[in-house]
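Some notes on the structure that comes next.
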Amino acid sequence: QFATRVVSCRAAELRPEGGGEPVRGFQVVLEDTILFPEGGGQPDDRGLIGDVPVLRVTRRGPDAVHFVPAALEPGAEVLLSLDWERRFDHMQQHSGQHLITAIAEQTFGFKTTSWELGRQRSLIELDTPSVTAEQLGALERSVNEKIRERVPVVVRELAADDPEIETVRSRGLPDDHVGPVRVVDIEGIDSNMCCGTHVSNLSDLQVIKLLGTEKGKKNKTNLVFLAGNRVLKSIEQSHSTEKALTSLLKNGPGEHVEAVKRLQSSVKLLQKNNLNLLRDIAVLIARDFKSKPARSQLFVLHRKEGDSEFMNIIANEIGTEEALLFLTVGDEREAGLFLLAGPVDAVEHLGPRVAELLGGKGAGKRGRFQGKAARMSRRGEVEALLQEFISHRSPEV
C-alpha cells in the first residue's frame, strides 16, 4: 500500500483487451504510484485507489495514467493498494526472461530480439532458425542451477550520459525517455537496461520450465517458458488431468498414451463401418423410392446421422431428371446440411430460397444446390415451398 495524492482526473474510455464496447471511466494521474504501467514486454499492474479498482495503467511521458470506473477528486489524499499476486507473478516471469536470455546468449550465442509475458505462458523470440532438444535441455539445467545458487538481483540508476550505459545490454530507450537510466543486474550473469519489476534474488524464481520452441517469424525461434508459481500451477493442472484419465481409462499414467491410441484406432474403425452402413442405407432408400409404381414428384428425407456423401448417393441412385429431392441431415431443431436436387432450372430457381428459409448458405451447379443450414426446424416451410412449386409448374418444366 502507498499513500499519495490525486493530481488530475478526466473522463475517458477504455477498450477491453478482448475486444467489445469501450468502457466509460476516468484517467487519473497521481503524484506518485506503485502500480507499473505496461511496457517493456510486461503487462501493467492492477490494484485499488481507495476502494476504486484500477482497470488499466499506461504510461504517458513521465506519468502513469490509471484508468478507473469512478471519478476521483483532484487534490484528495488516497491510499493506493497493489494486487501483489499479479505483481509477483510478473516479477518471476520477467526476471526469468532476463536469466534465460543471458544464458542463451552466453552459451549458444542466441540473441533475444523480443519477448512477451502472456497470461498462461511467456515467449522469448531468439534470433536463430532453430534450437535443438539438447540445447533446450542444457539451457534449462543451466538456468535452474543459477536459481539454486541464489544469485542476487540488483537495480541501479545511471545518469543518461554515463559511459557505463554503453556496456549494458539494451534494445534502446523510448523516444520520450527523460532522466536517469534504470539497469537491472543479475550479479555475474547479466546487466540489462530495463523498466520492469523484478525479484531481488534468483531463488525467488523457485524453478524455470522450458516448455519447448515454436517457429517464429523471419528465421527466428520462439522459446516458451514458465517460471515460479506458474510451474506449480501447471503441475497441479497436469496432475488433475492425469487423475481424471486414470479414472476414465482404468489404467495407470504410464499406460495412458497406449490406451488412447487403442481408442483412436477403435473410433476410426467404427467411423469407417458407420460410413459403409450409411452408404448401404442410402442405396436402399433410393431403390425403395424408385420401386414404387406411382412415384411422387417430390422426395423429402431427413436423417440425424449422415453427411453430404450420404445425400449425394441418394440423389445419384434416384436420378434428378424428373423428381425434386430435398434431403437434410443433422439435428432436427438446430444446424445441419441440406441438398436440393432435381431439374436444373427448378434447382437454380429454388436453391437460394431454400437456403434463405433454412438460415444457411449454399451453392449449386448442374441440378444440385447444397450447403449448411442454421435453422433445420424450418424444413416444413421448405417442403411447402417445393410442393407449391410442383403444383404450379407447367408440364414443360
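The values are calculated or read from the model by the stated rules, or taken from the named source; none is laboratory data. Bear in mind that the values here come from a model prediction, so they are computed numbers and not experimental data. Virtual Cβ from ideal backbone geometry, glycine too; neighbours counted across all protein chains shown. Please note that ligands, DNA and RNA were not included when accessible areas were found on the heavy atoms of the full protein model with its side chains. Shrake-Rupley method; radii C 1.70, N 1.55, O 1.52, S 1.80 Å.
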(request) Compute the signed sum of charges (Lys and Arg +1, Asp and Glu -1) over the other residues within less than 15 Å, Cβ to Cβ, of ARG15. (result) -3
(request) Can you check what the net charge comes to around VAL6, using other residues whose Cβ is under 15 Å from the Cβ of VAL6 (Lys, Arg +1; Asp, Glu -1)? (result) -4
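Rounded, prolate or oblate: which one fits the stretch 83-154, using the alpha carbon gyration tensor with axes a ≥ b ≥ c (rounded when a/c is under 1.5, else prolate when a/b beats b/c, else oblate)? Intermediate results must be reported in sequence, preceding the final value.
On the way: a/c = 2.05, a/b = 1.36, b/c = 1.51.
Cα axes put the stretch 83-154 in the oblate bin.
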(request) Divide by every residue of the chain the summed helix terms, -39500 (n - 2.57) for each DSSP H run of at least 4, and state the resulting mean residue ellipticity at 222 nm, rounded to the nearest 500 deg cm²/dmol. (result) -12000 deg cm²/dmol
(request) In whole Hz, with x marking every Gly and Pro, tabulate ³J(HN,Hα) for the stretch 18-24 from phi via Karplus 6.51 cos²θ - 1.76 cosθ + 1.60, θ = phi - 60°. (result) x, x, x, 5, x, 9, 7
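Could you sort VAL178, VAL260 by accessible area so the largest value comes first, with the probe set to 1.4 Å? Mind dumping the intermediate values first?
Numbers: VAL178 105, VAL260 60 Å².
Highest to lowest solvent-accessible surface, that is VAL178, VAL260.
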(message) Relative contact order for the stretch 87-236: what percent, with Cα pairs under 8 Å and sequence separation of 6 or more?
(response) 33
(message) Check which residues have an amide H placed less than 5 Å from ARG303's amide H, if you skip close sequence neighbours.
(response) THR328, VAL329, GLY330
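Ranked by accessible surface with a 1.4 Å probe, highest first, in what order do CYS195, CYS9 come?
Numbers: CYS195 75, CYS9 40 Å².
If we order CYS195, CYS9 from most to least accessible, we get CYS195, CYS9.
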(request) Have a look at HIS302, VAL267, VAL154 and report the one farthest towards the positive end of the charge dipole of the chain, computed about the Cα centre with Cβ charges (Lys/Arg +1, Asp/Glu -1). (result) HIS302
(request) Name the shape class, rounded, prolate or oblate, that the alpha-carbon gyration tensor gives for the stretch 304-377, where a ≥ b ≥ c are the square roots of its eigenvalues, rounded holds for a/c under 1.5, and otherwise prolate holds if a/b is larger than b/c and oblate otherwise. (result) oblate
(request) Take the cross-link list LYS268/LYS372; LYS217/LYS361; LYS268/LYS365 and give me the ones stretching past 27 Å between alpha-carbons. (result) LYS217/LYS361; LYS268/LYS365
(message) What are the ³J(HN,Hα) couplings of the stretch 197-205, residue after residue, when phi is run through the Karplus curve with 6.51, -1.76, 1.60 and θ = phi - 60°? Round to Hz, x for glycine and proline.
(response) 9, 9, 6, 9, 8, 4, 4, 5, 6
(message) Between SER265 and SER8, what is the label-point separation in nm under the 7 Å Cα-to-beta-carbon projection?
(response) 7.1
(request) Calculate one ³J(HN,Hα) per residue across the stretch 297-303 by plugging θ = phi - 60° into the Karplus curve 6.51 cos²θ - 1.76 cosθ + 1.60, and present them in order as whole Hz with x for glycine and proline. (result) 7, 10, 10, 10, 8, 10, 9
(request) Report, in cubic angstrom per residue, the convex hull volume of the C-alpha atoms of the chain. (result) 242
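How would you classify the stretch 1-76 from its alpha-carbon gyration tensor, with a ≥ b ≥ c the square roots of the eigenvalues: rounded for a/c under 1.5, else prolate if a/b is greater than b/c, otherwise oblate? Numbers along the way, then the final one.
Numbers: a/c = 1.69, a/b = 1.20, b/c = 1.41.
Verdict is oblate for the stretch 1-76.
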(request) Among VAL28, ILE165, PRO16, pick out the residue whose Cα is farthest towards the positive end of the charge dipole of the chain, where Lys and Arg carry +1 and Asp and Glu carry -1 on C-beta, about the Cα centre. (result) PRO16
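Under a point-charge model restricted to the Cβ atoms of Lys and Arg (+1) and Asp and Glu (-1), what is the dipole moment magnitude of the stretch 121-180 relative to its Cα centre, in debye to the nearest 20?
Values: 8 positive and 13 negative charges, 103 e Å.
Roughly 500 debye for the stretch 121-180.
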(request) Roll a 1.4 Å probe over the protein heavy atoms and report the accessible area of THR241 in Å², nearest 10. (result) 80
(message) Using a Gaussian network model on the chain with a 10 Å cutoff between Cα atoms, which of LEU339, LEU126, LEU139 fluctuates the most?
(response) LEU339
(request) Run the numbers on the chain and let me know its relative contact order in percent, using alpha-carbon pairs under 8 Å that are six or more apart. (result) 10
(request) Compute the separation of the alpha-carbon centres of the stretch 1-67 and the stretch 161-218 and state it in Å as a whole number. (result) 24
(request) Quick one: which residues, 5 or more positions from LEU298 or on another chain, have an amide H under 5 Å from its amide H? H modelled 1.01 Å from N in the peptide plane, none for Pro or chain starts. (result) LEU324
(message) With the crude spin-label approximation of a point 7 Å out along Cα→Cβ, what separation in nm comes out for SER130 versus SER234?
(response) 2.3
